[in-house]
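The numbers here are math on the coordinates, done by the rules we state, and not lab data. Since this is a predicted model, take the numbers as computed values, not measurements. Using ideal geometry, Cβ is built from the backbone for each residue, glycine included, and neighbour counts are taken over all protein chains shown.
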Amino acid sequence: MAASQLSCLLLLVCVLPAVEPCLQCDRVIKYLHDDFIDKLTGDTLQDQADIKDIIDHAYVTYKETSNRFHGVIDPTTMYRARTEYQSEFERFWKDEHSSYIKWEIIMIVVKGRQILEKHLKIFDGEGLCPNKCGLLYQTLINCTSCQYELHTCLSTTYPKSCGEHHMLMEEGGEVVLNCYLSWHSLITGQVEYHYYWRPQNVGSQTFSLVSSFETLVVTTESKIVLNQLQVDEAGLYLCLLKDKHGTVFSQIKFNLTIYPLLRTSPVPIPTMLSFPVDYDAKPTWVLHPNTNNIIVGLVIVISLAAIIILITLFG
Ligand SMILES: *[C@@H]1O[C@H](CO)[C@@H](O)[C@H](O)[C@H]1NC(C)=O
Ligand SMILES: *[C@@H]1O[C@H](CO)[C@@H](O)[C@H](O)[C@H]1NC(C)=O
C-alpha cells in the first residue's frame, strides 16, 4: 500500500538524515553541479570558484522561491521538478560551450528556478492540503531544512462533518455506504473506518449525540454494503475515519430511509367462461340412465303408441 511505503520512506529519512530532497539540496542535482564544476577543463581555478558561487547563489534563490509557496513541497512534485531540471542540465552539458560559460551557467540555474516555481505553483494550488474538510497530516518536504515533516492540514470546518447523505431505499434492496475521500490516500499510519448506527425512532433525529450511536463495524474498507434491507434498518449512520489514538480525520453522515414494499392483495383473474369442474365434451344426446332419459324413453313409447293407434284407425 502507498501509505506503508510512505512510512518506510519516512523511517529511511529518520535513519539517514543526510538525504536532502529539495531541489536546492537534492543530491542528484548537487552531484550533477559538482561533477560539472570538476570536469570543467581549460578553466582557471578562479573561474571554477566563480561558477561555484553562481550555483550557491542559485540554491538561495530556490529556497526563496519555495518560501513564496509556503516553503514546502510534496515528494511527487519534488520528483517532477528535479527530473525536468536534470534533463535540461544534461542537455546543456552536452552542448558546445563558448567562452561565456559563466553566463550560460547563470541561464541554466535560472531555468532551474523557473522549473521549480512552475511545479510549486501547481502544487500550492492543488496538492497542498487537498482536504476541504476534516484533518490531514500531510507528508511534505520542508524546503528550508530539506527534511520530511508532517504538515497539519486542519480544515476551517473541522470537526464538522464532510457531508450528509440522504438516502431513500426500498425494503429488500441494497445500499452501499461509502465514506472514502480522495485525500484519505495521503494519510500515513494506521487508520480505520468506524461505522455507527442509530435506529430511526430512537432519540431525537439528529446526529449530535454520538454517544447514543451503537458501533456497527470497524474496517479498513471505506464502504459497507447493506443488503436485503429491512424497514427497521433505517436510521442515522455515521462513518468516522480514526487512528488508533482516536484522532478523527473525517466524518460522514448518512440518513437512510427505507420505504416498505407495497404488499398488494392477489388480483382476481377475469374468467371469460366458467365450466363445472367435471365438465367434459361428451355430446348431451348420449343417453345416460338418469331421469331425463326415462322421460325421453316415455315420450318415444307414447309417440310409438300414437303412431300405432293412427295406423289402426285409418288403415
Ligand atoms: C521548515 O524548517 C524550518 C527550519 O527547521 C522552520 O523554521 C520552518 O518553520 C519550517 N517550515 C514549515 C513550513 O514547516
Ligand atoms: C432523516 O430523514 C428522516 C426522513 O426523511 C427525517 O425525518 C429526519 O429528520 C432526518 N434526520 C436528519 C438528522 O436529517
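Structure notes:
- Highest mean first, the peptides 165-173, 234-242 sorted by other C-beta atoms within 10 Å per residue fall in the order 234-242, 165-173.
- Here Val217 and Glu126 are evaluated by their C-beta separation; at R0 = 35 Å the FRET efficiency comes out at 0.55.
- Difference of contour (0.36 nm per residue) and Cα-Cα distance, Glu164 to Asp35: 40.7 nm
- Measuring between alpha carbons in the structure, the pairs from Lys160/Lys223; Lys63/Lys121; Lys30/Lys94; Lys94/Lys118; Lys39/Lys63; Lys63/Lys132 lying more than 22 angstrom apart are Lys94/Lys118; Lys39/Lys63; Lys63/Lys132.
- Cross-link partners of Lys242 among aspartates and glutamates (Cα-Cα below 20 Å; sequence separation of 8 or more within a chain): Glu164, Glu192, Glu214, Glu221
- Taking label positions 7 Å along the Cα-Cβ direction at both Thr257 and Lys111, the computed distance is 6.3 nm, reported to one decimal.
- Difference of contour (0.36 nm per residue) and Cα-Cα distance, Gln48 to Lys102: 18.5 nm
- Reduced Cα scattering model of the stretch 87-171, Debye log10 I(q)/I(0), q = 0.15, 0.19, 0.23, 0.26 Å⁻¹: -0.78, -0.96, -1.12, -1.23
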